[in-house]
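Colleague: This structure is in structure tokens; I'll ask about it shortly.
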Amino acid sequence: MADPSPDFSGWSPSSGPLSTGGLVAAPTFSPWNLHDLPYALLHRSPFASTTVRDAVAIFGIFWWCVMVMFCVSGLWVTKWRYHPPRVEPSSHEWPKRRPEDVPGVSIIRPLKGVDPDLDRNLRSSFEQDYPRLEIIFTAEDGDDPAIPVARALIAEYAPRIAGRVVVSTQRVGFNPKINNIIDGFESCQYEILWMCDSNVYSDSGCLSRSVDQLERTSRPVGIVHHLIYAAQPVGFGAWLETMFINTVHAKMYLAINASGAASCVVGKSNVYYKRHLDALGGLKPFSSYMAEDNTIAQAFWKRGWKHRMTSDLATQSLGRMTLADYFTRRMRWTRTRKYNVTFATVVEPVTESLMCGLLAAFSFHHFYGVPPLPFFGAHLLAWFVCDLQIFRCLAQGQLPCSFAYWAWVWICRELFALPLYIYAVVGNRVSWRGRQFKLSLQGTITPVDGKVDIET
């Protein structure tokens, strides 16, 4: 008697469904074969209809093209602006002017503990090649161990450069950074503000170049900001953070700002007019938000005030960071973005190399029969080379470690990205400055411990 089971010999996913005497038989898929895997997932799920598969493939090709443009744009901007640093000729004129001929700048640096390279970071503000400035160090606690470092620098550079320490007495919201700087902000002497975290080092020409960008255009500029650059990592967690900041973050940050499609600002080092912030009600309206820097920048953006960047890096010495520290830090900012930039958070998995490549491999095979495995391999290689070039450009051509170790860290970061994202988006609690906070749908925060010490 003939075997009634259907013959699947010679079948491949691109061959379409098999006919067995008028009936359509679903073939058996191997989950270990990348060629079969996308079809196995779709045939065994609600996405089994041809229409849905076509829609997924159309989106996959479209999104892959978008990400290619982001990668190319991010790499091009990195090379054009940072390797070597591109400097506008007009910025050289500011240090040569008399103090009374330039707008004054108040540099506000919030202190919170002794960061790695703290003396070098704070000293970089005193070394700015700009003729008229004051430096305000702020703290929530008069016993903060960073205060003696700041006072020693103030004494060293006095009276040539005015500096002072302001211990905040106000509690205007739940955001610890706003509470830290609010008194310093309200007491500043000059119209231009440079908010710069205490763990950031800046080149001596950074302020002149930033003021030049702020003042040189007729259309109002809301904010001048600088790209974060991670340096001096100690420990595997710090290397993962360095890899994220100097590749994924740098690439997307530069591409988005180059396109002008949306506001994209991190508050490590920002320069803007005090009057613009006063027009929004000062700092107090932003004191209930976790990401006050992004919220302020978005408010400027909605007013039509442009965002500009210079060729300067906000260099952050990471120091020691464990794997748990890295996971906690990434989780906190993923959960924060979930409520502040929801669309970017939703599509974040397919902005990473692995998910973007898998989706594109399925899509190109679905429509054009492109072999998925070679396509996926070529995709990963191109992504790897792009990240490597961005990292090297920001590091002025030199990797801070061996190529083999750099590649190992890159692979680990890519593998950790999706599980870390999944874990982060399902929660709404974050740990920040030693306290636990709960995030709301509006991006505001409330302390989990119930401590409410806000002044009204």
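The values are calculated or read from the model by the stated rules, or taken from the named source; none is laboratory data. Here the structure is a predicted model, which means the values were calculated and not measured. We place every Cβ from the backbone using ideal geometry, glycine too, and count neighbours over all the protein chains shown.
Colleague: Restricting attention to region 312-333, does a residue exist that is in contact with a strand residue (DSSP E or B) (Cβ under 7 Å, 6 or more places away or on another chain), under 17 Å from ASN294 (Cβ atoms) and in a helix (DSSP H, G or I)?
Modeller: Yes, that holds for at least one residue.
Colleague: Is there a residue in region 346-363 that is of a type outside the set (A, V, I, L, M), in contact with a Gly (Cβ under 7 Å, 6 or more places away or on another chain) and surrounded by fewer than 19 Cβ atoms within 10 Å (Cβ to Cβ)?
Modeller: Within region 346-363, none of the residues are of a type outside the set (A, V, I, L, M), in contact with a Gly (Cβ under 7 Å, 6 or more places away or on another chain) and surrounded by fewer than 19 Cβ atoms within 10 Å (Cβ to Cβ).
Colleague: For the condition crowded, with 17+ Cβ neighbours inside 10 Å and farther than 26 Å from ARG435 by Cβ, what is the one hit in ARG123, ARG132, ARG171? Walk me through it before giving the result.
Modeller: Details: ARG123 fails: crowded, with 17+ Cβ neighbours inside 10 Å; ARG171 fails: farther than 26 Å from ARG435 by Cβ.
Matching residue, one of ARG123, ARG132, ARG171: ARG132.
Colleague: Quick one: how many residues across region 74-90 are more than 18 Å from LEU388 (Cα to Cα) and in a loop (DSSP other than H, G, I, E, B)?
Modeller: 3
Colleague: In region 215-248, what count of residues is obtained for those that are crowded, with 20+ Cβ neighbours inside 10 Å and not hydrophobic (A, V, I, L, M, F, W, C)?
Modeller: Number satisfying all stated conditions: 10.
Colleague: Quick check, is GLY304 assigned to a loop (DSSP other than H, G, I, E, B) and either out of contact with any Asp or Glu (no Cβ under 8 Å at 6 or more places or on another chain) or without any contact (Cβ under 8 Å) to a residue 40 or more places away in the chain (or both)? Working first, answer last.
Modeller: Numbers: assigned to a loop (DSSP other than H, G, I, E, B): yes; either out of contact with any Asp or Glu (no Cβ under 8 Å at 6 or more places or on another chain) or without any contact (Cβ under 8 Å) to a residue 40 or more places away in the chain (or both): yes.
Answer is yes for this residue.
Colleague: Mind listing just one residue for me: the one in region 427-451 that is among the aliphatic types (A, V, I, L, M) and closer than 17 Å to PHE286 by Cα and, of those, modelled with the highest pLDDT? Walk me through it before giving the result.
Modeller: As a first pass, look at region 427-451 and keep what is among the aliphatic types (A, V, I, L, M): 430, 439, 441, 445, 448.
Adding the requirement that they be closer than 17 Å to PHE286 by Cα leaves 439, 441, 445.
Details: LEU439: 83, LEU441: 76, ILE445: 80.
Ranking the candidates gives LEU439 first.
Colleague: Quick test of your reading of the structure: ASN121 fulfils all but one of (1) at pLDDT 95 or above; (2) more than 22 Å from the chain's Cα centre (by Cα). Name the failing condition by number.
Modeller: The single condition ASN121 does not satisfy is (2).
Colleague: Please verify whether THR334 is touching a residue at least 40 places away in the same chain (Cβ under 8 Å) and more than 16 Å from CYS65 (Cα to Cα), treating the condition exactly as stated.
Modeller: Yes: the conditions hold for THR334.
Colleague: Right, here's the next one. Out of (1) touching a residue at least 40 places away in the same chain (Cβ under 8 Å); (2) out of contact with any helix residue (DSSP H, G or I) (no Cβ under 8 Å at 6 or more places or on another chain); (3) not in a loop (DSSP other than H, G, I, E, B), what's the single condition that is false for PRO116?
Modeller: Evaluating PRO116 over (1) touching a residue at least 40 places away in the same chain (Cβ under 8 Å); (2) out of contact with any helix residue (DSSP H, G or I) (no Cβ under 8 Å at 6 or more places or on another chain); (3) not in a loop (DSSP other than H, G, I, E, B) leaves (3) as the failure.
Colleague: How many of the residues in region 360-397 are touching a Ser or Thr at 6+ places or on another chain (Cβ under 8 Å) and not in a helix (DSSP H, G or I)?
Modeller: Residues flagged as touching a Ser or Thr at 6+ places or on another chain (Cβ under 8 Å) and not in a helix (DSSP H, G or I) within region 360-397 amount to 1.
Colleague: Under 7 Å by Cβ, and 6 or more places apart or on different chains, what pairs join a residue from region 384-400 that is in contact (Cβ under 8 Å) with a residue 60 or more places away in the chain and more than 14 Å from ALA230 (Cβ to Cβ) with one that is among the aliphatic types (A, V, I, L, M) and surrounded by 15 or more Cβ atoms within 10 Å (Cβ to Cβ)?
Modeller: Sorted first by the residue in region 384-400, then by its partner, the pairs are CYS386/LEU75; GLN389/LEU75.
Colleague: Where residues in region 416-439 are of a type in the set (Val, Ile, Thr) and surrounded by fewer than 13 Cβ atoms within 10 Å (Cβ to Cβ), which of them is farthest from TYR339 (Cα to Cα)?
Modeller: Only one residue fits best here, namely ILE422.
Colleague: Next up: Can you confirm whether PHE327 is without any contact (Cβ under 8 Å) to a residue 24 or more places away in the chain and surrounded by fewer than 18 Cβ atoms within 10 Å (Cβ to Cβ)?
Modeller: Details: without any contact (Cβ under 8 Å) to a residue 24 or more places away in the chain: no; surrounded by fewer than 18 Cβ atoms within 10 Å (Cβ to Cβ): yes.
So PHE327 does not fit the description; no.
Residue-by-condition table, conditions (1) in a loop (DSSP other than H, G, I, E, B); (2) modelled with pLDDT under 90; (3) touching a Pro at 6+ places or on another chain (Cβ under 8 Å); (4) not charged (D, E, K, R):
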residue: ASP293; (1), (2), (3), (4): no, yes, no, no
residue: MET309; (1), (2), (3), (4): no, no, no, yes
residue: TYR339; (1), (2), (3), (4): no, yes, no, yes
residue: LEU358; (1), (2), (3), (4): no, no, yes, yes
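Colleague: Could you say whether any residue in region 92-101 is part of a helix (DSSP H, G or I) and either crowded, with 20+ Cβ neighbours inside 10 Å or small (Gly, Ala, Ser) (or both)?
Modeller: yes
Colleague: Looking at region 200-247 only, could you name the residues that are touching a Ser or Thr at 6+ places or on another chain (Cβ under 7 Å) and among the β-branched types (Val, Ile, Thr)?
Modeller: VAL200, VAL224
Colleague: Note down all Cβ pairs under 6 Å where the first residue falls in region 340-357 and is more than 18 Å from TYR423 (Cβ to Cβ), the second is hydrophobic (A, V, I, L, M, F, W, C) and at pLDDT below 90, and they're at least six residues apart or on different chains.
Modeller: ASN340/ALA291
Colleague: A follow-up question, please. Scanning region 234-252 for residues that are in contact with a Gly (Cβ under 8 Å, 6 or more places away or on another chain) and not β-branched (Val, Ile, Thr), which turns out farthest from ALA297 (Cα to Cα)?
Modeller: Start the filter on region 234-252 by keeping residues that are in contact with a Gly (Cβ under 8 Å, 6 or more places away or on another chain), which leaves 234, 238, 250-252.
Checking which are not β-branched (Val, Ile, Thr) leaves us with 238, 250-252.
Working: ALA238: 28, ALA250: 18, LYS251: 19, MET252: 17 Å.
If we take residues in region 234-252 being in contact with a Gly (Cβ under 8 Å, 6 or more places away or on another chain) and not β-branched (Val, Ile, Thr), then ALA238 is farthest from ALA297 (Cα to Cα).
Colleague: For region 405-412, does any single residue satisfy the condition of being surrounded by 13 or more Cβ atoms within 10 Å (Cβ to Cβ) and either at pLDDT below 95 or farther than 24 Å from VAL234 by Cα (or both)?
Modeller: No, the conditions are met nowhere in region 405-412.
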